[in-house]
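Report on the following structure.
The values are calculated or read from the model by the stated rules, or taken from the named source; none is laboratory data. For clarity, every value in this text was computed on a predicted model and none was experimentally measured. Note that each Cβ is placed from the backbone with ideal geometry, even for glycine, and that neighbours are counted across all protein chains shown. The accessibility values were calculated without ligands, DNA or RNA, using every heavy atom of the protein model including side chains. Shrake-Rupley method; radii C 1.70, N 1.55, O 1.52, S 1.80 Å.
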Amino acid sequence: MSALTATRLGVRFYLTEDAEVDLADCVPVFHRWIQEEALSDILIDVSDYTHVPDGPGVLLVAHEASYGFDDADGRLGLQYRVRRPEWLQGQSPAGKWRRVLGAAATAAALLEGETAMMRGARFRTDEFDVSIADRLVAPNTDATLEQLEGSMKALFSRAFGVNKVELRRQGEKRTMFSVRVRTGSQMPVGDVVSNLEALAA
Amino acid sequence: MAATWKEELAPAMAPELAREIDVFESQVELCRQGKIDEKIFAETRLRRGVYGQRYDNGQRHDGMRTRTLNFPRKGLAKGPGTEFDAPGMMRIKIPFGALTPRQLEVLAEIAEEYSNGILHVTTRQDIQYHFVHLDDTPDLMRRLASVGITTREACGNSVRNVTACQVAGVCPTESFDVSPYAHALADFLLGHDDAQDFGRKFKVAFSGCQTPGCGLSRMHDLGYIARIRREEGPEGPVLHRGFEFFVGGGLGAVPQQAKVFDEFLPEAELLPTAQAVCRVFGRLGEKKNRARARLKFLVNKLGLEEFRRLVLDERAKLPEDPRWLAYLADIAPVDAAIRPPSEFNPASVPAAMAEEFQAWRTTNVEDQRQAGYAVVTLALPLGDLTSEQTRRLADVARKYVGNSVRLTVEQNIVLRWVPQGDLLSLYQDLRELRLHRPGAGTIIDVTSCPGTDTCKLGISSSRGLAWELSERLAAQNDSLNAAVRGLRIKVSGCFNSCGQHHVGDLGFLGVSRKVNGYTVPHFQVVLGGEWGNNAGAFGLGVGAVPSKRIPDVVERITGVFIQEREGNEAFQAFIKRKGKTFVRELIQDLLTVPAYDVDRSFYSDWGDPREYTIGDLGVGECAGEVVSPVDFGLQASERDLFESQEQLEKESFQDAADMAYRAMLQAAKTLVRLQERDVADEPEAIVEAFRRRLLDTRLFHDPFAGAKFAHYFLRAHAATDIEASPEEARQRIEEAQLFIEAAHACYGRMVEQGLTQ
């Protein structure tokens, strides 16, 4: 089965290196997002895993996806991951990445707006990670990347307003498929959301 | 690569395991189509470890109001009051906690793909995953099955995970290694016919010794403590292996110590006696009143002597089963060293690391019985570790200990057979993974159930409190008196005691109190339990304290303990001597709750900023639904019929006809076993018994159609070797449908006439 059919897609945006944010501050923020229905997902609950080193941090669990604010590998970031494959059903490969990137960027932009917690910290758009939590259709191999890179590069370059996007596969064979994407963009993450919405229109 | 996990893993799975999972998958499909009774499906999935989770009724209080979770397939249920699309918990049984590196890797994969990237170790040596969708569970089960792990009977009214002390086989004080016995009993009781008709869960534990006795045998339905009996034979002393055998223990809301059934149960009687107990429990145990359905209530009701008599009577009637003794012919340790023994060299520790290494070694390393080896404990924060940690732990295990990895009932992991000379190198490797936290088994190693984080029955945040206590005490660690450092704290989110608070030195169970019109989280304080000596004693309740004051309670009580203990008096003895009134007075001022506008923090629980409510409490699935073996059996026949219809649609006519016959055979067997429990599983035996018990007696006769439907079954049986045409397959299915309907009606008549066993 082709990696193009994969649906358990993930995107991770990183904060800039100078960000000073306390993970625990995200707990009340995510709870408030549920109260305010801040995202379009069916928001279910908040799970605090800040006691686990390099763990998922603070998770906002929705039916369709999960949003995790963590400091895995010593880098603060927002990890978005699709939980329900049917949410991407019927989408083209590029369409899937557009939706997933859009959802992640929307959450990242929203989080940037939480000024008390973020204290001006910003998410990078010059590099981010994408991953697929499905070892059956998308093992962490060069072959998987070959199948996906065309649609990924096309979408990412348009989303980030750049001509060239670099993809580098990471991790070992037994880990999830994961790619470091380098765009060189300085675009605010909120503008990425706008670009993706325009692409969808 | 195959298109599905089913295809990919078929070569790696035992056919019967693969078939079981396929059957479950078809039941999930029936549930998706609304074609299966909710109660039956709930118990079915519970018996496969697929559990509910908080908010699965589709309601959640967000701190301001109760909000409806509008799951896509609203109204579609996976159990009474349980939304199909609501995420659930998956419990994975790990018999006596033993894991291999390959199993660790697969467990890590599953955490990443179907859950939240976290593996949670429970107080019964299980692994739990949270936020798992029901649709993902069949593939999850397949991937586990491919490495020899089953989730069968992890929950529900069944024999739960069989636990054993984590140092079985390497313990200096054990009589003998109980691991092979725990393994044999777990295998024997898994799916056993005599263990399918319980009104409640059933828990079994093994311990290698009386003291220190970390197997907790005295608080289980069946508890075993290894014993050696020495007899003088003609050629010298003969040593016999056996067990001090306990029955009817349990925690829950009303804890009870198990009673001694037999001071020395010979090893040959381990399996058959357990089977006999299961039969008695299945036959006589309470099934309507869930609160009184555990084995302990039956033992109390009958009295131990009568209970023993019934069990031995049942034992005498059991048909011989070769499995009772087969494993004894080849008793062998479950694991062994992969590297030679060696001595630790203190001079090898770099100066910069000396202090932290020593702190770790003091608490997390114990010498094994076998010279030159040690057991190393990985103290997991609240029993959690990440998928990445798990994967790399597999590498560490392969490097130092091979298959000698065990989960513990204190929510940690141990590596056994670590050569002493490798301790520094191992520490450095664990440090890389951030699995080097010291304090295992000390007061900072707090045990907690999931509580309000994910459990429907959670009243207060057990994990929130546990972590708060752990962090505070860790910060004081250097200044803590050794007697305090050695205490155990256990926290349960409610009275069901999954955190085993009754056997902590300091135990806490979640409750709530109304204060000035607000609901405020509290914990009931329970002091002086004894974890050692196989759960030797239960603690004394002293009253409910606001959740936010519990750390102060711990500090005050432990402080007074140090000041006022007599000599080397143990904490348990101190509490007993001082009494409940003394402790109550000691913490009296800590029982108050500040007014809402003075300190709102009391009106939220640890780790949860929402204003506290008990509105999210749901109906627990711990008890499962009581579904009789007949319900299960007839449901299984209907499932087979469904599959036969699917085969017909695919134009696999022979398969369709075979499945339809199998559906009838299943229904016939279910009815026959009501009157003849030990009927063999062979079709000929079932058909013969069906004729004798149900056809010749006219029990199966339909008031209008007479024996017509019974003859459908007999004709299908006679035609099993004949190739079925498409028309015949279609007809067989129609007849199977009518036969199963007749089976339901027959069961109804048998119940009315009191003809069920």
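In the list B:L284, B:L298, which residue meets the criterion of being surrounded by fewer than 19 Cβ atoms within 10 Å (Cβ to Cβ) and farther than 30 Å from B:E432 by Cα?
Every option except B:L284 fails the conditions.
For segment B:102-113, indicate whether the set of residues that are of a type in the set (S, T, N, Q), outside any helix (DSSP H, G or I) and at pLDDT 95 or above is non-empty.
no
Just to be sure before I move on: is B:R463 in contact with a strand residue (DSSP E or B) (Cβ under 8 Å, 6 or more places away or on another chain) and assigned to a strand (DSSP E or B) in the structure I sent?
In short, no.
Might you check whether a residue that is buried (at least 20 other Cβ atoms within 10 Å of the Cβ) and away from chain A (no Cβ under 14 Å) occurs anywhere in segment B:607-615?
no
Looking at segment B:452-459, can you tell me whether even one residue there is touching a residue at least 60 places away in the same chain (Cβ under 8 Å), closer than 24 Å to B:C214 by Cβ and either within 14 Å of chain A (Cβ to nearest Cβ) or surrounded by fewer than 23 Cβ atoms within 10 Å (Cβ to Cβ) (or both)?
Scanning segment B:452-459, I find no residue that is touching a residue at least 60 places away in the same chain (Cβ under 8 Å), closer than 24 Å to B:C214 by Cβ and either within 14 Å of chain A (Cβ to nearest Cβ) or surrounded by fewer than 23 Cβ atoms within 10 Å (Cβ to Cβ) (or both), so the answer is no.
Residue by residue through segment A:154-192, note down the ones that are in contact with a Leu (Cβ under 7 Å, 6 or more places away or on another chain), open to solvent by 20 Å² or more (accessible area, probe 1.4 Å) and part of a helix (DSSP H, G or I).
A:R158 - this is the single residue of segment A:154-192 that is in contact with a Leu (Cβ under 7 Å, 6 or more places away or on another chain), open to solvent by 20 Å² or more (accessible area, probe 1.4 Å) and part of a helix (DSSP H, G or I).
Regarding B:D367, is this residue under 30 Å from the mean Cα position of the chain (by Cα), of a type outside the set (A, V, I, L, M, F, W, C) and open to solvent by less than 60 Å² (accessible area, probe 1.4 Å)?
no
Need pairs with beta-carbon distance below 6 Å; first residue facing chain B (nearest Cβ under 9 Å) and assigned to a helix (DSSP H, G or I) and within segment A:53-82, second open to solvent by 10 Å² or more (accessible area, probe 1.4 Å) and of a type in the set (D, E, K, R); sequence gap 6+ or separate chains.
A:A72/A:D54
Is there a residue being within 24 Å of B:S497 (Cβ to Cβ) and either hydroxyl-bearing (S, T, Y) or buried (at least 22 other Cβ atoms within 10 Å of the Cβ) (or both) anywhere in segment B:169-177?
Looking for residues that are within 24 Å of B:S497 (Cβ to Cβ) and either hydroxyl-bearing (S, T, Y) or buried (at least 22 other Cβ atoms within 10 Å of the Cβ) (or both), one finds none in segment B:169-177, hence no.
Would you call A:L199 aliphatic (A, V, I, L, M) and outside any loop (DSSP other than H, G, I, E, B)?
The answer is yes for A:L199.
Can you tell me how many residues in segment B:644-672 are buried (at least 19 other Cβ atoms within 10 Å of the Cβ) and of a type in the set (D, E, K, R)?
3
When residues of segment A:3-46 are filtered for being open to solvent by 40 Å² or more (accessible area, probe 1.4 Å) and within 10 Å of chain B (Cβ to nearest Cβ), how many remain?
7
Can you tell me how many residues in segment B:701-735 are exposed (fewer than 12 other Cβ atoms within 10 Å of the Cβ), closer than 10 Å to B:A657 by Cβ and free of Cβ contacts under 8 Å to residues at least 24 places away in the same chain?
Total satisfying the criteria: 1.
Within the bounds of segment B:30-49, is there any residue that is open to solvent by less than 10 Å² (accessible area, probe 1.4 Å), within 28 Å of B:N157 (Cβ to Cβ) and of a type in the set (V, I, T)?
no
Filter segment B:312-363 down to residues that are hydroxyl-bearing (S, T, Y) and over 30 Å from B:I443 (Cα atoms), then give me how many there are.
Of the residues in segment B:312-363, 2 are hydroxyl-bearing (S, T, Y) and over 30 Å from B:I443 (Cα atoms).
Looking at segment B:75-95, can you tell me whether even one residue there is assigned to a helix (DSSP H, G or I), at negative phi and not aliphatic (A, V, I, L, M)?
Yes, there is a match, as at least one residue in segment B:75-95 is assigned to a helix (DSSP H, G or I), at negative phi and not aliphatic (A, V, I, L, M).
Somewhere in segment B:412-430, is a residue hydrophobic (A, V, I, L, M, F, W, C), away from chain A (no Cβ under 14 Å) and open to solvent by 10 Å² or more (accessible area, probe 1.4 Å)?
Yes, segment B:412-430 contains at least one residue that is hydrophobic (A, V, I, L, M, F, W, C), away from chain A (no Cβ under 14 Å) and open to solvent by 10 Å² or more (accessible area, probe 1.4 Å).
Scan segment B:65-72 and tell me whether some residue there is open to solvent by less than 20 Å² (accessible area, probe 1.4 Å) and either in contact with a Pro (Cβ under 8 Å, 6 or more places away or on another chain) or assigned to a helix (DSSP H, G or I) (or both).
Looking for residues that are open to solvent by less than 20 Å² (accessible area, probe 1.4 Å) and either in contact with a Pro (Cβ under 8 Å, 6 or more places away or on another chain) or assigned to a helix (DSSP H, G or I) (or both), one finds none in segment B:65-72, hence no.
Results for (1) of a type outside the set (A, V, I, L, M, F, W, C); (2) within 12 Å of chain B (Cβ to nearest Cβ); (3) touching a Pro at 6+ places or on another chain (Cβ under 8 Å); (4) assigned to a loop (DSSP other than H, G, I, E, B), shown as yes or no for each residue.
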site	(1), (2), (3), (4)
A:W87	no, yes, no, no
A:R98	yes, no, no, no
A:L101	no, no, no, no
A:A104	no, no, no, no
A:L111	no, no, no, no
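Can you tell me which residues in segment B:114-128 are open to solvent by less than 10 Å² (accessible area, probe 1.4 Å) and either of a type in the set (V, I, T) or within 12 Å of chain A (Cβ to nearest Cβ) (or both)?
B:I118, B:L119, B:H120, B:V121, B:I127
Restricting the first residue to segment A:12-31 and requiring it to be under 11 Å from A:T50 (Cα atoms) and in a loop (DSSP other than H, G, I, E, B), which pairs with a second residue that is open to solvent by 10 Å² or more (accessible area, probe 1.4 Å) and among the polar types (S, T, N, Q) meet a Cβ separation below 8 Å and a spacing of at least six or different chains?
Correct list of pairs: empty, since none qualify.
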